[in-house]
Amino acid sequence: MLRDLRKAIYNISTMDHSQLFASRARKRSFLCVGLDSELDKIPNYLHDTADPIFEFNKRIIDATNKYAVAYKPNVAFYECYGAKGWISLDATVRYIKKNYPDIFVIADAKRGDIGNTSKMYAKAFLENMTFDAITVAPYMGEDSVSPFLYVDGKWVVLLALTSNKGADNFQYHNEDGIKLFERVLTISQKWGSINNLMYVVGATRAEMLKDIRRIVPDHFLLVPGVGAQGGSLEEVAKYGLNSKCGLLVNSSRGIIFADSSEKFAEVAGERAAELQNEMEKYLSERKII
(Lines give C-alpha, C1' and ligand atoms only; values in the text may rest on other atoms or scores of the structure.)
Protein backbone atom coordinates (compact mmCIF):
# COMPACT_ATOMS: atom_id res chain seq x y z
CA MET A 1 0.00 0.00 0.00
CA LEU A 2 2.79 2.43 0.91
CA ARG A 3 4.53 1.67 -2.37
CA ASP A 4 1.35 2.37 -4.37
CA LEU A 5 0.71 5.58 -2.43
CA ARG A 6 4.27 6.75 -3.08
CA LYS A 7 3.85 6.17 -6.81
CA ALA A 8 0.60 8.11 -6.80
CA ILE A 9 2.11 11.07 -4.95
CA TYR A 10 5.21 11.34 -7.11
CA ASN A 11 3.79 9.96 -10.38
CA ILE A 12 6.55 7.36 -10.38
CA SER A 13 6.42 5.33 -13.59
CA THR A 14 7.62 1.77 -13.93
CA MET A 15 9.42 0.76 -17.10
CA ASP A 16 11.50 -2.40 -17.04
CA HIS A 17 13.89 -3.89 -19.58
CA SER A 18 11.14 -5.63 -21.57
CA GLN A 19 9.01 -2.49 -21.78
CA LEU A 20 11.98 -0.46 -23.01
CA PHE A 21 12.60 -3.01 -25.73
CA ALA A 22 8.91 -3.03 -26.68
CA SER A 23 9.02 0.72 -27.23
CA ARG A 24 12.01 0.35 -29.55
CA ALA A 25 10.38 -2.46 -31.49
CA ARG A 26 7.15 -0.50 -31.91
CA LYS A 27 8.91 2.54 -33.38
CA ARG A 28 11.65 0.50 -35.05
CA SER A 29 14.08 2.95 -33.52
CA PHE A 30 16.59 3.40 -30.72
CA LEU A 31 16.88 7.16 -31.10
CA CYS A 32 17.34 9.45 -28.12
CA VAL A 33 17.04 13.18 -28.82
CA GLY A 34 19.22 15.37 -26.62
CA LEU A 35 17.44 18.55 -25.55
CA ASP A 36 20.57 20.66 -24.98
CA SER A 37 18.70 23.88 -25.63
CA GLU A 38 20.57 27.19 -25.64
CA LEU A 39 18.94 30.62 -25.75
CA ASP A 40 21.61 31.92 -28.12
CA LYS A 41 20.88 29.20 -30.67
CA ILE A 42 17.10 29.05 -30.75
CA PRO A 43 15.25 31.11 -33.41
CA ASN A 44 14.96 34.79 -32.49
CA TYR A 45 11.18 34.94 -32.81
CA LEU A 46 10.79 32.49 -29.93
CA HIS A 47 12.43 34.97 -27.57
CA ASP A 48 9.16 36.89 -27.51
CA THR A 49 7.31 33.95 -25.91
CA ALA A 50 6.81 33.58 -22.15
CA ASP A 51 9.27 30.69 -21.90
CA PRO A 52 11.49 30.54 -25.01
CA ILE A 53 13.37 27.38 -24.05
CA PHE A 54 10.22 25.43 -23.26
CA GLU A 55 8.54 26.67 -26.44
CA PHE A 56 11.57 25.55 -28.44
CA ASN A 57 11.60 22.14 -26.72
CA LYS A 58 7.86 21.68 -27.19
CA ARG A 59 8.11 22.19 -30.93
CA ILE A 60 11.12 19.88 -31.21
CA ILE A 61 9.29 17.20 -29.23
CA ASP A 62 6.13 17.49 -31.31
CA ALA A 63 8.20 17.13 -34.49
CA THR A 64 10.40 14.21 -33.41
CA ASN A 65 8.30 12.05 -31.08
CA LYS A 66 7.30 9.67 -33.92
CA TYR A 67 10.94 8.70 -34.35
CA ALA A 68 12.39 9.00 -30.84
CA VAL A 69 12.08 6.50 -28.00
CA ALA A 70 13.79 8.79 -25.49
CA TYR A 71 14.62 12.41 -24.71
CA LYS A 72 17.65 13.53 -22.74
CA PRO A 73 17.73 17.10 -21.45
CA ASN A 74 21.23 18.03 -20.30
CA VAL A 75 20.56 19.75 -16.97
CA ALA A 76 23.49 22.16 -17.38
CA PHE A 77 21.68 23.88 -20.26
CA TYR A 78 18.84 24.75 -17.88
CA GLU A 79 20.38 25.38 -14.48
CA CYS A 80 22.71 27.95 -16.05
CA TYR A 81 19.67 30.25 -16.28
CA GLY A 82 18.83 29.96 -12.60
CA ALA A 83 15.24 29.54 -11.44
CA LYS A 84 13.84 30.26 -14.92
CA GLY A 85 15.89 27.41 -16.33
CA TRP A 86 14.58 24.95 -13.76
CA ILE A 87 11.02 26.01 -14.61
CA SER A 88 11.70 25.38 -18.31
CA LEU A 89 13.18 21.96 -17.53
CA ASP A 90 10.26 20.93 -15.33
CA ALA A 91 7.75 22.15 -17.93
CA THR A 92 9.56 20.12 -20.60
CA VAL A 93 9.44 16.89 -18.62
CA ARG A 94 5.79 17.41 -17.71
CA TYR A 95 4.90 18.07 -21.35
CA ILE A 96 6.52 14.82 -22.49
CA LYS A 97 4.89 12.81 -19.71
CA LYS A 98 1.45 14.23 -20.42
CA ASN A 99 1.50 14.00 -24.22
CA TYR A 100 3.91 11.14 -24.98
CA PRO A 101 3.91 8.94 -21.85
CA ASP A 102 5.56 5.98 -23.59
CA ILE A 103 8.77 7.96 -24.22
CA PHE A 104 11.69 7.46 -21.83
CA VAL A 105 13.07 10.68 -20.30
CA ILE A 106 16.64 10.89 -18.99
CA ALA A 107 18.03 13.62 -16.76
CA ASP A 108 21.58 14.09 -18.01
CA ALA A 109 22.73 15.42 -14.65
CA LYS A 110 25.85 13.31 -13.95
CA ARG A 111 25.23 13.37 -10.21
CA GLY A 112 26.98 11.21 -7.62
CA ASP A 113 27.93 12.19 -4.06
CA ILE A 114 27.91 10.79 -0.54
CA GLY A 115 24.83 8.75 0.27
CA ASN A 116 22.65 11.42 1.90
CA THR A 117 23.34 13.89 -0.90
CA SER A 118 22.69 11.32 -3.61
CA LYS A 119 19.41 10.50 -1.89
CA MET A 120 18.34 14.14 -2.28
CA TYR A 121 19.42 14.21 -5.92
CA ALA A 122 17.35 11.08 -6.52
CA LYS A 123 14.35 12.68 -4.85
CA ALA A 124 14.74 15.83 -6.96
CA PHE A 125 15.03 14.21 -10.38
CA LEU A 126 13.32 10.83 -10.09
CA GLU A 127 10.45 11.69 -7.77
CA ASN A 128 9.62 15.39 -7.83
CA MET A 129 10.55 15.95 -11.49
CA THR A 130 9.46 12.45 -12.63
CA PHE A 131 12.38 11.67 -14.94
CA ASP A 132 12.63 7.97 -15.80
CA ALA A 133 16.40 7.90 -15.41
CA ILE A 134 19.42 9.94 -14.39
CA THR A 135 23.06 9.82 -15.45
CA VAL A 136 25.33 9.12 -12.49
CA ALA A 137 29.10 9.28 -12.02
CA PRO A 138 30.53 6.11 -10.39
CA TYR A 139 33.78 7.55 -8.99
CA MET A 140 32.62 7.61 -5.34
CA GLY A 141 31.43 4.02 -5.44
CA GLU A 142 28.38 1.97 -4.48
CA ASP A 143 27.00 4.10 -1.64
CA SER A 144 26.89 7.14 -3.93
CA VAL A 145 24.98 5.24 -6.66
CA SER A 146 22.60 3.02 -4.67
CA PRO A 147 20.20 5.81 -3.55
CA PHE A 148 19.24 6.33 -7.19
CA LEU A 149 18.65 2.60 -7.65
CA TYR A 150 16.33 2.47 -4.64
CA VAL A 151 13.63 4.52 -6.40
CA ASP A 152 11.09 2.02 -7.72
CA GLY A 153 10.73 1.85 -11.48
CA LYS A 154 13.56 4.28 -12.19
CA TRP A 155 16.92 3.82 -13.86
CA VAL A 156 20.54 4.76 -13.31
CA VAL A 157 22.61 5.47 -16.42
CA LEU A 158 26.14 4.98 -15.14
CA LEU A 159 29.10 6.67 -16.83
CA ALA A 160 31.37 3.89 -18.08
CA LEU A 161 33.44 5.07 -21.05
CA THR A 162 33.21 8.61 -22.35
CA SER A 163 34.54 10.00 -25.62
CA ASN A 164 36.11 13.26 -24.44
CA LYS A 165 39.89 13.69 -24.63
CA GLY A 166 40.27 13.63 -20.86
CA ALA A 167 38.82 10.12 -20.69
CA ASP A 168 42.37 8.87 -21.26
CA ASN A 169 43.47 10.36 -17.93
CA PHE A 170 41.65 7.73 -15.85
CA GLN A 171 39.24 5.48 -17.73
CA TYR A 172 41.91 3.47 -19.56
CA HIS A 173 44.16 3.10 -16.53
CA ASN A 174 45.26 -0.53 -16.51
CA GLU A 175 45.89 -2.45 -13.31
CA ASP A 176 46.43 -6.21 -13.31
CA GLY A 177 45.22 -6.31 -16.92
CA ILE A 178 41.90 -4.65 -16.13
CA LYS A 179 41.11 -1.14 -17.34
CA LEU A 180 39.28 1.18 -14.96
CA PHE A 181 36.14 1.38 -17.13
CA GLU A 182 36.07 -2.44 -17.25
CA ARG A 183 36.22 -2.55 -13.46
CA VAL A 184 33.34 -0.07 -13.28
CA LEU A 185 31.25 -2.31 -15.54
CA THR A 186 32.11 -5.51 -13.69
CA ILE A 187 31.60 -4.28 -10.13
CA SER A 188 28.55 -2.09 -10.72
CA GLN A 189 26.52 -4.99 -12.13
CA LYS A 190 26.22 -6.22 -8.54
CA TRP A 191 24.45 -2.99 -7.53
CA GLY A 192 21.51 -3.18 -9.91
CA SER A 193 20.09 -5.28 -12.71
CA ILE A 194 19.19 -5.08 -16.40
CA ASN A 195 15.88 -3.60 -15.23
CA ASN A 196 17.30 -0.48 -13.57
CA LEU A 197 20.91 -0.01 -14.69
CA MET A 198 22.35 1.00 -18.05
CA TYR A 199 25.68 2.48 -19.10
CA VAL A 200 27.02 5.49 -20.98
CA VAL A 201 29.50 4.66 -23.75
CA GLY A 202 30.67 7.41 -26.12
CA ALA A 203 29.98 6.85 -29.82
CA THR A 204 33.42 8.06 -30.86
CA ARG A 205 34.79 5.01 -29.00
CA ALA A 206 32.50 2.65 -30.89
CA GLU A 207 35.21 0.04 -31.42
CA MET A 208 35.28 -0.47 -27.62
CA LEU A 209 31.64 -1.57 -27.63
CA LYS A 210 32.70 -5.07 -28.63
CA ASP A 211 34.72 -5.44 -25.43
CA ILE A 212 32.01 -3.75 -23.38
CA ARG A 213 29.37 -6.16 -24.70
CA ARG A 214 31.46 -9.08 -23.42
CA ILE A 215 31.15 -7.67 -19.90
CA VAL A 216 27.55 -6.38 -20.06
CA PRO A 217 25.84 -8.38 -22.82
CA ASP A 218 22.28 -7.69 -21.72
CA HIS A 219 22.30 -4.15 -20.32
CA PHE A 220 21.08 -1.15 -22.29
CA LEU A 221 23.81 1.25 -23.41
CA LEU A 222 23.26 4.99 -23.83
CA VAL A 223 25.56 6.11 -26.62
CA PRO A 224 26.02 9.87 -27.11
CA GLY A 225 28.13 11.50 -29.78
CA VAL A 226 26.44 10.47 -33.03
CA GLY A 227 26.11 13.33 -35.50
CA ALA A 228 27.73 16.67 -34.67
CA GLN A 229 30.37 14.99 -32.47
CA GLY A 230 31.45 12.67 -35.27
CA GLY A 231 30.29 9.28 -34.02
CA SER A 232 29.24 6.67 -36.59
CA LEU A 233 25.80 5.13 -36.16
CA GLU A 234 26.83 2.24 -38.38
CA GLU A 235 29.81 1.44 -36.13
CA VAL A 236 27.74 1.78 -32.95
CA ALA A 237 25.12 -0.61 -34.33
CA LYS A 238 27.75 -3.06 -35.53
CA TYR A 239 29.43 -3.43 -32.14
CA GLY A 240 26.71 -2.39 -29.70
CA LEU A 241 23.46 -4.07 -30.73
CA ASN A 242 22.51 -7.21 -28.85
CA SER A 243 19.70 -9.68 -29.51
CA LYS A 244 17.09 -7.28 -28.07
CA CYS A 245 18.58 -4.05 -29.43
CA GLY A 246 20.04 -2.88 -26.10
CA LEU A 247 20.92 0.59 -27.38
CA LEU A 248 19.84 4.18 -26.94
CA VAL A 249 21.76 6.35 -29.38
CA ASN A 250 21.65 10.07 -28.65
CA SER A 251 21.84 12.94 -31.11
CA SER A 252 21.52 16.51 -29.86
CA ARG A 253 22.85 19.38 -31.97
CA GLY A 254 22.55 17.40 -35.20
CA ILE A 255 18.78 17.38 -34.73
CA ILE A 256 17.66 20.31 -32.61
CA PHE A 257 19.95 22.91 -34.22
CA ALA A 258 19.86 21.56 -37.77
CA ASP A 259 18.02 24.72 -38.82
CA SER A 260 17.59 28.17 -37.25
CA SER A 261 14.70 29.47 -39.31
CA GLU A 262 10.99 29.26 -38.59
CA LYS A 263 11.14 25.76 -40.07
CA PHE A 264 13.53 24.54 -37.37
CA ALA A 265 11.08 21.98 -35.96
CA GLU A 266 10.21 20.61 -39.39
CA VAL A 267 13.90 20.16 -40.21
CA ALA A 268 14.52 18.56 -36.80
CA GLY A 269 11.79 16.05 -37.60
CA GLU A 270 13.44 15.29 -40.94
CA ARG A 271 16.82 14.70 -39.28
CA ALA A 272 15.22 12.44 -36.68
CA ALA A 273 13.42 10.51 -39.42
CA GLU A 274 16.70 9.97 -41.28
CA LEU A 275 18.31 8.48 -38.18
CA GLN A 276 15.25 6.34 -37.45
CA ASN A 277 15.32 4.96 -41.01
CA GLU A 278 18.97 4.03 -40.64
CA MET A 279 18.31 2.43 -37.26
CA GLU A 280 15.42 0.42 -38.70
CA LYS A 281 17.78 -0.89 -41.37
CA TYR A 282 20.28 -2.16 -38.79
CA LEU A 283 17.55 -3.69 -36.63
CA SER A 284 16.13 -5.50 -39.65
CA GLU A 285 19.53 -6.74 -40.81
CA ARG A 286 20.12 -8.26 -37.38
CA LYS A 287 16.57 -9.70 -37.35
CA ILE A 288 15.85 -7.88 -34.09
CA ILE A 289 12.51 -6.60 -35.38
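A compact table of results
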quantity	calculated
Dipole magnitude (debye, nearest 20) for the stretch 178-289, charges at Cβ of Lys, Arg, Asp, Glu	660
Å² of accessible area per residue within the stretch 13-115, as computed with a 1.4 Å probe and no ligands counted	41
The chain, helix-only ellipticity at 222 nm - DSSP H runs n ≥ 4, -39,500 (n - 2.57), divided by all residues, nearest 500	-12500 deg cm²/dmol
Long pairs among Lys154/Lys263; Lys98/Lys263; Lys41/Lys119; Lys72/Lys165; Lys58/Lys287; Lys84/Lys179, criterion Cα-Cα beyond 32 Å	Lys154/Lys263; Lys41/Lys119; Lys58/Lys287; Lys84/Lys179
DSSP-loop chymotrypsin sites (Phe, Trp or Tyr not before Pro) across the stretch 96-186, with at most 16 other Cβ within 10 angstrom	Tyr139, Tyr150, Tyr172
Candidate residues Met120, Met208: accessible-area rank, largest first, probe 1.4 Å	Met120, Met208
With at most 14 other Cβ atoms within 10 Å, longest stretch of the chain clear of loop trypsin sites (Lys or Arg not before Pro) (DSSP)	67-164
Heavy-atom accessible area order for Asp132, Asp51, Asp143, Asp40, largest first, 1.4 Å probe	Asp40, Asp143, Asp51, Asp132
Total formal charge among the other residues, if their Cβ is under 13 angstrom from that of Asp218, Lys/Arg +1 and Asp/Glu -1	+2
Antiparallel bridges, percent of DSSP beta bridges restricted to the chain (to nearest 5)	10
Carbon plus sulfur fraction of accessible area for the chain, probe 1.4 Å, in percent	51
At most 15 other Cβ within 10 Å, DSSP loop - GluC sites (Glu not before Pro), the stretch 235-289	Glu262
Choice from Gly166, Gly202, Gly231 with maximal GNM fluctuation in the chain (Cα, 10 Å cutoff)	Gly166
Heavy atoms of Ser260: accessible area, 1.4 Å probe, square angstrom to 10	90
Tyr282, Tyr45, ranked by accessible area, largest first (probe 1.4 Å)	Tyr45, Tyr282
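The values are calculated or read from the model by the stated rules, or taken from the named source; none is laboratory data. Predicted model, so just to flag it, every value in this text is computed and none were measured. For neighbour counting, all protein chains shown are included, and Cβ atoms are generated from backbone atoms with ideal geometry for every residue, glycine included. Please note that ligands, DNA and RNA were not included when accessible areas were found on the heavy atoms of the full protein model with its side chains. Shrake-Rupley method; radii C 1.70, N 1.55, O 1.52, S 1.80 Å.
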